[in-house]
Amino acid sequence: MAALCESFTLCGLGPGAGVGLGGGLLALEPGPEPDHILLTDRGRTATLFKVSDQKPLGCWSVKHRQIITCPVVCNFETHEYVAVHDDKVLRIWKNQDINLDKVFKATLSADVYRIHSLPNGGPVVLFKGGGVRTLDVLLEAPQQEIENILSDEVIKWSEAFMEDQQHVLMFATEKDGDFFVYVQKLKTSSLHKYKLEQQELSKPTSFTAYIKNQIITLLCLYSNDSVYKVLIPLQQNTEDEQQTLHTSLLLNLSVSGSVLKATSFVVLDKDHVAVLGSLATSGEESKECLTIWNTKFQTLQTSKELPLGTSGQLWCYEEKFFFTHGKVLTVMMYKCETSSLAAAVGKLKDSRTPDVSSFVDWNTLGDEELVASPQSQPSVALKSESKMTLRSKRNTVAEVQPDTLSVGQHLIKLKDVSTTVFEEELRQLMSKAQMPDFQATIGCVITALVNRCKTNPKYYPQNLLLQIVQTRDLSYSLCPDLMAVALEKKDVHLLQICLQRFPDIPEEITYACLQVFLSISEACLQRTDVNLESISSYIDTEFNNKEVKTEIVENGFNAELEQDICDSKSPKETRVPADGESCPVGPQKAALLNAVLHSAYSETFILPHLKNLPAQQAVLFLRYLYYLYVKCSEKINTALPGTHSPTINEIMDWMCLLLDAHFTVMVMLPEAKELLSKLHKFVRAQVRFYSELNKIEGSLHELQRLNHQNDCQTYSIEVLELI
C-alpha cells in the first residue's frame, strides 16, 4: 500500500528554473546532515537547505560569466562541498566559506560529466570520455591524463553504489540509436560493457538502478510508456566479450484507457516506483501528475495532479519527493507499506491511517473522490466502474451517519450551506479534541475558510481566523493561503499574530507584511485592534505616544530616575523628550513592526525584496530602528522589557539589512542625512565605550577571582582601588 501525504513549498525558483524556462534545475543532492539537501540551479548558484525548517543554511555562487556544469555534492568524509564549473574547473569549499573565488581551485585536463558522492566513501569523478577517478587520486595530480574509453558515445545517465566496501560506478551511453551500459569497479579497475536490447519503435528515456546481493537491477523507462527491468551480476568473467542485456517488461503505465506519458521515475522499494508525467485520456487534455505504482501487481496506487506544471524532474530522499511545481520547488511526503493484493486494489483496511483527508480543493474534487474515504483509497484502476456502481456508492454515502464521515467529506457537505451554519459546523469539527491528526484537521478547516473567502469577496471571518491562529500551534506551510488573504484584506492584527506564531514564513510574505505595516496610516491603525504587549514597556499607549521610562535600576540607585522624581513634584509638569528621543511611529505601528523584527528570515532571500521598499518607508523604518537602538542602549541590557519585545541583535541585524538595501538612496535623501549622521555618532560613541570596557576586562576578572578567594561574613564593606 502506498499513499501521497501532505506537501509544502521549500523555496521559490529564479528565472530559468520554472516550467518551460530552461529545463528545470541542474540537480538536487543530499546534504552533509539528515534533512539537508543541496540544490544546484542551471546557472551560477548552489544552496544548502534544511528541509523541515524550509530555510536556506548557505548559498554560494560562482562569478558572472561562469556556469556550474556539474552538480554540487557533499564530501561526507570531510564535510566539504565539491563542484565543477565551466566543465573543467574544480572547486572545493566548506560551510564557513563565502566567496568561491578564494576557495580551493584546480583545473582538470578533461571535461567532467558528474561527481558522485556516497556516505560511506569519498567522491568519484566521471569524465565525459568515460574515465573515472576518485577525488583523492585526482587531487594528487589535477592535470593527469584522463583516458577516453568512449567512441563517439554520449553519456546519458550515471549512478554510483557501495558494495563490499568498494565503489561501483554505472553509466549508460548512446550512439546512433544504440544504448550501452558500463559497470566499473574502482577497487579492481574492472570495466564491463554491455549493449542494451532494443525495443521495437521505442528507446529508453530515463534510467534508475539499485544494487542488492551483488546484483544490479537496472530499470529503464522507454518511450512506449513502459518500464523494463535488467539484471546485471557484479561477478563477471573478465574475458567475456561485450554482452547484450535482455530486458523484461516490469510495468505498463496505462490504466482504464489512460496512458501516463512519463518523464522521470524513481524506485521507492522492491515493489513500488514513483513516476512523474502527463496522464492522457482520449478526448481530454493531458494533466501532469505524480503517481506511485505497484510493480508486483501492476496497479496504480495513488496519484496527485500538478496543475501548475513541472520541469519533468523528480528526486526522492528520506521518504520525500522533490519536484518543481510552477515556479517553486515542492516537497511531498509519501509512505509505502508491505505489498499485498488487498493493498494493491485499495481494499486494505489500515487502522493506523487517520480519518483526516488532505487539504480539500472544492474546484478539483471529482465525484469519485466524494465516496472515497481516506481510510480506504481505491486504485485509479477501479475508476472504470460502471455508472450504476457509482450511483450505488452515492446512495451509500447518503446513508452514512455524520459521525462516521471524514473531515474531507464534512467540508464537501458544507460547500453550499449558509455562513452561520458553515462556521458553526467548523467549530464543532475543531472541538473533537480526541480526533487523530488534529493539526491536519485544523489545516483543512482554515483551507475551507480561505477558499470561501476567495469565492465570496464579501466574506471574511476575522474573529474565527484569529481564534484559530491564537489557540492552535500552526505553521505557514499548513495554511499557506491564510496570510495572502490577510494581506489582501489588510488585516494587520491577524498578520501580527501570524508573524509571532508561524516559524516558517517565506521572506516574500514577511516583506509584504512590512510594506503593509509601513504604508497604512496612523489614523486607520488607531481604530484597529492590535496587540500592544511588545511596546507597553517603553511607549505610553494612553498619553499621545509619549515614551515611558523603563524601571531598570542599577545597584539600587538611578540618577536619572531620581532627577525625574524631583522634576515631577508638580502634577502639571511633564518632561518633554528631546529631539530624536520620541518614537517616530504610533504605538500600533510600533507593535506591528516589532512582529516583523521577531520573524525568522534569511539575509540572502529577504535583501532583494527590501530593495523594493519605497524610500520614504525605508527612512521611517530606519528612524524606528534607531529609536529602538537608543532605548536598548540607555541601560545595560540586550532586550527591552515586555513580551515579544525586540532584542538588540534583531534591531542591529535589521538596521544593517536596511542600510545594505538603501544606502545609496539614503545618502541622497536630505531627510535621511541627519538620521545617518546621528546614527554614525551614536555607534561611534558605543564603540569607544566598549573599547574602554575591554581595557579593564582583565582587572574585572581579577576582582572576581579575589572575591571568590575571600571568605566574607554575613556583611562586609570592601574598598578596592583600580590602578
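Could you please find all residues in segment 109-125 being of a type in the set (G, A, S) and closer than 12 Å to E29 by Cα? Lay out the reasoning, then the answer.
Restricting attention to segment 109-125, the residues satisfying the condition of being of a type in the set (G, A, S) are 109-110, 117, 121-122.
Result: S117, single match.
Return the residues of segment 440-499 that are touching a helix residue (DSSP H, G or I) at 6+ places or on another chain (Cβ under 7 Å), farther than 23 Å from S521 by Cβ, open to solvent by less than 50 Å² (accessible area, probe 1.4 Å) and in a loop (DSSP other than H, G, I, E, B); say none if nothing qualifies.
Y459, P461, L474, C479
Consider segment 447-484. How many of its residues are more than 21 Å from the chain's Cα centre (by Cα) and either hydrophobic (A, V, I, L, M, F, W, C) or more than 23 Å from F8 (Cβ to Cβ) (or both)?
As a first pass, look at segment 447-484 and keep what is more than 21 Å from the chain's Cα centre (by Cα): 448-472.
Adding the requirement that they be either hydrophobic (A, V, I, L, M, F, W, C) or more than 23 Å from F8 (Cβ to Cβ) (or both) leaves 448-450, 453, 455-469.
Residues meeting the conditions: 19.
Please return the ranges of strands (runs of 3 or more DSSP E) entirely within segment 65-116 where 2 or more residues are closer than 20 Å to Q143 by Cα and not hydrophobic (A, V, I, L, M, F, W, C).
Numbers: elements: 68-75, 80-85, 89-93, 104-107.
Those strands (runs of 3 or more DSSP E) span 104-107.
Are any of the residues in segment 456-467 within 26 Å of F621 (Cα to Cα), hydroxyl-bearing (S, T, Y) and modelled with pLDDT under 90?
Our first condition is that a residue be within 26 Å of F621 (Cα to Cα); within segment 456-467, this holds for none.
No, because not a single residue in segment 456-467 is within 26 Å of F621 (Cα to Cα), hydroxyl-bearing (S, T, Y) and modelled with pLDDT under 90.
So A160 ticks every box in (1) within 34 Å of the chain's Cα centre (by Cα); (2) surrounded by fewer than 17 Cβ atoms within 10 Å (Cβ to Cβ) but one. Which box is left unticked?
(2)
Checking K304 against (1) open to solvent by 30 Å² or more (accessible area, probe 1.4 Å); (2) touching a Gly at 6+ places or on another chain (Cβ under 7 Å); (3) of a type outside the set (G, A, S): exactly one of these is not met. Which one?
Every listed condition holds for K304 apart from (2).
How about segment 50-65: which of its residues are over 16 Å from V82 (Cα atoms), in contact with a strand residue (DSSP E or B) (Cβ under 8 Å, 6 or more places away or on another chain) and either modelled with pLDDT of 90 or more or surrounded by fewer than 18 Cβ atoms within 10 Å (Cβ to Cβ) (or both)?
Within segment 50-65, K50, V51, L57 qualify.
Any residue that is of a type outside the set (S, T, Y), over 20 Å from V230 (Cβ atoms) and in a loop (DSSP other than H, G, I, E, B) - is there at least one of those in segment 188-199? First the steps, then the outcome.
Residues of segment 188-199 of a type outside the set (S, T, Y): 191-193, 195-199.
Adding the requirement that they be over 20 Å from V230 (Cβ atoms) leaves none.
Checked segment 188-199: no residue is of a type outside the set (S, T, Y), over 20 Å from V230 (Cβ atoms) and in a loop (DSSP other than H, G, I, E, B).
Take E650 and decide whether it is modelled with pLDDT of 85 or more, in a helix (DSSP H, G or I) and touching a helix residue (DSSP H, G or I) at 6+ places or on another chain (Cβ under 9 Å). Step through it out loud before you land on a result.
Values: modelled with pLDDT of 85 or more: yes; in a helix (DSSP H, G or I): yes; touching a helix residue (DSSP H, G or I) at 6+ places or on another chain (Cβ under 9 Å): yes.
Against the criterion (modelled with pLDDT of 85 or more, in a helix (DSSP H, G or I) and touching a helix residue (DSSP H, G or I) at 6+ places or on another chain (Cβ under 9 Å)), E650 qualifies.
Answer yes if at least one residue in segment 184-203 is more than 20 Å from Q235 (Cβ to Cβ) and under 39 Å from the mean Cα position of the chain (by Cα), and no otherwise.
Yes: one or more hits.
Give just the number: which of (1) in contact with a Pro (Cβ under 9 Å, 6 or more places away or on another chain); (2) open to solvent by 40 Å² or more (accessible area, probe 1.4 Å) does H116 not satisfy?
Of the numbered conditions (1) in contact with a Pro (Cβ under 9 Å, 6 or more places away or on another chain); (2) open to solvent by 40 Å² or more (accessible area, probe 1.4 Å), the odd one out for H116 is (2).
Output the residues belonging to segment 247-281 that are exposed (fewer than 14 other Cβ atoms within 10 Å of the Cβ) and more than 14 Å from S226 (Cα to Cα).
Those that are exposed (fewer than 14 other Cβ atoms within 10 Å of the Cβ) and more than 14 Å from S226 (Cα to Cα): S256, G257, D269, K270, T281.
How many residues, within segment 304-317, are under 30 Å from E33 (Cα atoms) and assigned to a strand (DSSP E or B)?
Residues that pass the stated criteria total 4.
Exactly one condition in (1) more than 37 Å from the chain's Cα centre (by Cα); (2) without any contact (Cβ under 8 Å) to a residue 60 or more places away in the chain is false for L234; which is it?
(2)
Residue check: is K261 under 30 Å from E33 (Cα atoms), out of contact with any Asp or Glu (no Cβ under 6 Å at 6 or more places or on another chain) and at pLDDT below 90?
On the way: under 30 Å from E33 (Cα atoms): no; out of contact with any Asp or Glu (no Cβ under 6 Å at 6 or more places or on another chain): yes; at pLDDT below 90: yes.
So K261 fails the test.
Considering L659, L675, which residue is without any contact (Cβ under 8 Å) to a residue 40 or more places away in the chain, surrounded by 13 or more Cβ atoms within 10 Å (Cβ to Cβ) and of a type outside the set (V, I, T)? Lay out the reasoning, then the answer.
Values: L675 fails: without any contact (Cβ under 8 Å) to a residue 40 or more places away in the chain.
Criteria check complete, one pass: L659.
Going by the conditions given, is E284 within 22 Å of E159 (Cα to Cα) and surrounded by fewer than 18 Cβ atoms within 10 Å (Cβ to Cβ)? Outline the logic, then answer.
On the way: within 22 Å of E159 (Cα to Cα): no; surrounded by fewer than 18 Cβ atoms within 10 Å (Cβ to Cβ): yes.
Against the criterion (within 22 Å of E159 (Cα to Cα) and surrounded by fewer than 18 Cβ atoms within 10 Å (Cβ to Cβ)), E284 does not qualify.
The values are calculated or read from the model by the stated rules, or taken from the named source; none is laboratory data. Keep in mind the model is a prediction, meaning the values are calculated, not measured. Glycine also receives a Cβ, built like all others from the backbone with ideal geometry; neighbour counts cover every protein chain displayed. SASA here: full protein model, heavy atoms, side chains in, ligands and nucleic acids out. Shrake-Rupley method; radii C 1.70, N 1.55, O 1.52, S 1.80 Å.
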